[in-house]
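Below: the structure, in structure tokens.
No value in this document is a laboratory result; all are computed from the given coordinates. Please read these numbers as outputs of a predicted model, since none were measured by experiment. Here Cβ is always computed from backbone atoms with ideal geometry, including for glycine, and neighbour counts include all displayed protein chains.
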Amino acid sequence: MTDMYDDPKVSAVSLPAYEHNERGSERGRAKDPVKYLLSAEQRARERQIAYETVRHLRKDVINCYRKEGVNHYENCKEVCARYYRVVVKKDVGQVQPDWEDKSKHEGF
């Protein structure tokens, strides 16, 4: 891992959040198809961000284990606890919209 000692990279990208739009009827058609597709794209972005966050936290745990060696039980507790708190959340911490009908949760 050559980037172990590099400074953390932070993205300067800012994407606007789309208004959440659910499927309208029992037949599965959306009231506004464009808004529905944009909101589905937003949920996909949020899911990808959640997965990448887990990936980065896992990388931090691995780097800490390698750096600390046999003392990783004592010195990597905070890093492992941060990773654990994210992993045990529902949908690994993905931001979910406010669903009108909670039983029709379309997330993973």
- [ ] Starting from the Cα-Cα distance between Tyr65 and Leu38, subtract it from 0.36 nm times their residue separation and give me the gain in nm to one decimal.
- [x] 5.6 nm
Open item on the list: Given points 7 Å out from each Cα along the Cα-Cβ axis, report the Thr53 to Arg85 separation in nanometres with one decimal.
Closed with: 1.1
Task: Pairwise label distance in nanometres, Val92 with Glu74, each label 7 Å out on the Cα-Cβ vector - done: 3.3
